[in-house]
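The values are calculated or read from the model by the stated rules, or taken from the named source; none is laboratory data. The structure displayed is predicted, hence computed values, not measured ones. With ideal geometry, Cβ positions are generated from the backbone for all residues, glycine too; neighbour counts draw on all protein chains shown.
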Amino acid sequence: MLSVSDTRKAQRASSSTGKDRAAGPRRRRNLLAIVVVVAVLALWPSVAPNPYMLSAGVIVLNFAVFATGWNIMGGFTGYISLGHVAFFGLGAYGTALLIVDGGLPSFVALFVAAAGTLLLALPVGFAALRVRGASFVIVTIALVLVLQLVFQSWHTVTGGSDGLVVPRPFPDMLRPQHHQTFYFIFLALLALTLAVWAVIDHSRFGAGLKAVREDEDKAESLGIPTGSLKLVAFAVSAFVVALAGGLYGLWFGDLDPIFQFDVVLSSQIVLMALLGGSRFLFGPLIGAVVVGVALEYFVLNYGETQFHLVATGILLGAVVLFLPDGVLTGVQQVVHRFTRREATSIREMTAEELRTQQERKESVGDDRG
C-alpha cells in the first residue's frame, strides 16, 4: 500500500506531466500566432503611402523589439526597470565603435556589441537585483544617468555632444530601399524576440520567474533559486535590448548620447509594455503600436514642442489608474464577465454529487489508516 508521501509525490509527478503536455500545444499556438502577426506586419512596406510612413513603421518595430525585450525581465519578474535604455545605448555605441575603430562588418559588430552588453549586464544585474521595489528603480535610473554623463563627456571616443556617425551597412541603397530593408530586419528580430518570450513563458525557467513576480519570499522559502533566475532574465533582456539599440544605430546612422541614454525613452518603453499588458505575448507589441503611432503623430503635427511628453505622462497615469494590468487583461476580464455564468453552470455540483465525493475521500482516508 502506498504511503501518504508516496501518493503526494505521484500526484505531483502526474500534475507536472499534465502541465508539460499542456505546454506543448500552447507553445505551438503561440508560435503560429507569431507567424500570423509577422505576416500581417510584413504587408506594411507595400501599403505605406510614402517613405516617411515607412520610416515610422521602422521606429514602431524598434519600439516593439525594445519593449518585448524589456518584458523578458519586467513582465516575468515584476521588476520595473527604467534603466534598460542603458543597454539600448551600449548596443548602439558598441556597434558603431566596433565598425569605426575596430573595422568589423556591420552585423558582426552588432552581435559582438550585444554579447559585450550581456557580459556587462551580469555584474550590473547582480548588484541591482539585490534590492527591490523603488530602490531597484532608483538604481536603474542611476545607471542611465552615469552612462549618459560618461558618453557625453568622452568626446575623443564617443564624439560627445556632437554625436557619432555610424557607417551605413548598405551604402548604395536609396533612402526608401534602406527603410524597407531595415523594416524587414527589425521584423525578423521582433519575431525572434517574441519566440524567445513564448518559449520562456511555457518553460520551468519561466515558471520560476513568475513565482518571483507573485511572491518572491515564498518562492525562496520553497527552494527556488530566485537570484539566479532574475540574473539570467536580466542578462537575456539586456542582450535583446542591445540588439535593438545596435540595429537602430545601423538604420538611423547618427548617435546622440542625450537620446541613446534617455530616461524618458525608457519610461515610454515601460508604458508600452504596461499599456498592452506585460503578462501577454503581444502586449508590448500592441503598446508599441499605440504609443509609437501617437508619438509620431504629435511630433509631426506639433513639431519639437513638449506636447508629446505631456500626452505620454497623461497616458501613463491613465494606465496606472484604470488598466494597471494592461489593455489585454481588461479585454480578458470583459470576456470572462460575459462567459462566467455559462462556465459556472458547467462546474456546479449537486448536493448528492458533493456528498458522494466526500464519502469517497473519507473511504480513501480509512483505507490508508
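Summed over the stretch 291-319, residues that are loosely packed, with under 13 Cβ neighbours inside 10 Å and at pLDDT 90 or above total 0.
Residues of the stretch 131-188 being surrounded by 15 or more Cβ atoms within 10 Å (Cβ to Cβ), farther than 20 Å from residue 63 by Cα and of a type in the set (Phe, Trp, Tyr), which ones? Answer for the stretch 131-188, where residues must be surrounded by 15 or more Cβ atoms within 10 Å (Cβ to Cβ), farther than 20 Å from residue 63 by Cα and of a type in the set (Phe, Trp, Tyr): 136, 151.
Restricting 143, 97 to residues that are assigned to a helix (DSSP H, G or I), touching a strand residue (DSSP E or B) at 6+ places or on another chain (Cβ under 9 Å) and under 21 Å from residue 255 (Cβ atoms) narrows the list to 97. Restricting 86, 134 to those that are assigned to a helix (DSSP H, G or I) and at pLDDT below 95 reduces the list to 134.
For first residues located in the stretch 208-220 and not assigned by TED's automatic domain parsing to the domain that holds residue 80, partners that are hydrophobic (A, V, I, L, M, F, W, C) and not in a helix (DSSP H, G or I) and lie 6+ apart or on another chain with Cβ distances below 8 Å do not occur. The residues of the stretch 165-202 that are part of a loop (DSSP other than H, G, I, E, B) and within 24 Å of residue 242 (Cα to Cα), listed by number, are 166, 167, 168, 169, 170, 171. Considering the stretch 271-290 alone, what residues qualify as being part of a helix (DSSP H, G or I) and surrounded by fewer than 24 Cβ atoms within 10 Å (Cβ to Cβ)? Within the stretch 271-290, 271, 286, 289, 290 qualify. So is residue 174 modelled with pLDDT under 95, assigned by TED's automatic domain parsing to the domain that holds residue 58, closer than 30 Å to residue 25 by Cβ and over 20 Å from the mean Cα position of the chain (by Cα) or not? No, not satisfied. Any chance the stretch 38-57 includes a residue that's more than 29 Å from residue 301 (Cβ to Cβ) and at pLDDT 90 or above? Looking for residues that are more than 29 Å from residue 301 (Cβ to Cβ) and at pLDDT 90 or above, one finds at least one in the stretch 38-57, hence yes.
All of 126, 107 fail the test of being under 21 Å from residue 64 (Cβ atoms), in a helix (DSSP H, G or I) and assigned by TED's automatic domain parsing to the domain that holds residue 255, apart from 107. If the condition is being over 12 Å from residue 77 (Cβ atoms) and among the aliphatic types (A, V, I, L, M), then the stretch 225-236 contributes only 235.
Assess whether residue 199 counts as being β-branched (Val, Ile, Thr) and under 14 Å from the mean Cα position of the chain (by Cα). So residue 199 passes the test.
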